[in-house]
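Structure record follows, encoded as structure tokens.
The values are calculated or read from the model by the stated rules, or taken from the named source; none is laboratory data. All of these numbers come straight from a predicted model, not from anything done at the bench. Cβ placement follows ideal geometry from the backbone for every residue including glycine, while neighbour counts extend to all protein chains displayed. Ligands, DNA and RNA are excluded from the accessible area calculation, which covers all protein heavy atoms including side chains. Shrake-Rupley method; radii C 1.70, N 1.55, O 1.52, S 1.80 Å.
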Amino acid sequence: MTEETPGFDEKPEGPSNAETPKEQGAGPADKAGPAPAGEELVEVGLQAQLDQAQAALGERTADLQRLQAEYQNYRRRVERDRVQVKEVAVANLLSELLPTLDDIGRARDHGELVGGFKSVAESLETVVAKMGLHQFGKEGEPFDPLIHEALMHSYAPDVTETTCVQILQPGYRIGERTIRPARVAVAEPQPGAQPKAEADDDAEESGGPDEG
């Protein structure tokens, strides 16, 4: 004979806390709505950070460009100073050799530049020419106070302007820089004398000597 457990009633199985149909029907679609204000604040903050970073990048770029320009100017200045120092050093060296070159020139004018002395002299002249030294000053050229130094002065009827009539010492230059002016004797037109060209023109206009 089967015994029944007193006080035990069978109940259907299922969740103890059953949701109502209204609660079960709720889903993500019901929760959708306008974006919360917090997300907008985040976007504004990110945009501000981006603007700040771009501004900082622009400042650093400008600083870099300025430093690059200053460096280029510095390099050009150093190169210019280096060239100037080199030119001064070469000019000082060649200036010390000018008396020797003058002696060589006088020996050549007197026919004494012969033998081994001639070879040495020509070698020295070749070396100084390679270093940029050039001689100037010729008889008959107009007097220029920038490159000529007048040591003697006279008047001559056959010149129309102040003219170098004798080169006492040649001048020397390196490039466009004069390291010694040419020392010359100059002649000016005779005061009150009629220039030769004008005198010839007057003679032609007068028809020459009278025919007898």
Assess whether residue 161 counts as being more than 15 Å from residue 100 (Cα to Cα) and without any contact (Cβ under 8 Å) to a residue 12 or more places away in the chain. no
Of the residues that sit in segment 61-115 and are open to solvent by 100 Å² or more (accessible area, probe 1.4 Å) and not in a helix (DSSP H, G or I), which one is nearest to residue 181 (Cα to Cα)? 110
Looking at (1) open to solvent by 90 Å² or more (accessible area, probe 1.4 Å); (2) at pLDDT 95 or above; (3) not acidic (Asp, Glu), which is the only condition residue 143 fails? (1)
Kindly indicate the residue of segment 154-194 that is exposed (fewer than 13 other Cβ atoms within 10 Å of the Cβ) and in a strand (DSSP E or B) and also modelled with the lowest pLDDT among those meeting that condition. 177
Give the number of residues within segment 116-144 that are in contact (Cβ under 8 Å) with a residue 12 or more places away in the chain, part of a loop (DSSP other than H, G, I, E, B) and under 15 Å from residue 183 (Cα atoms). 6
If I filter segment 45-60 down to residues being open to solvent by less than 100 Å² (accessible area, probe 1.4 Å) and more than 39 Å from the chain's Cα centre (by Cα), which single residue comes out as modelled with the lowest pLDDT? 45
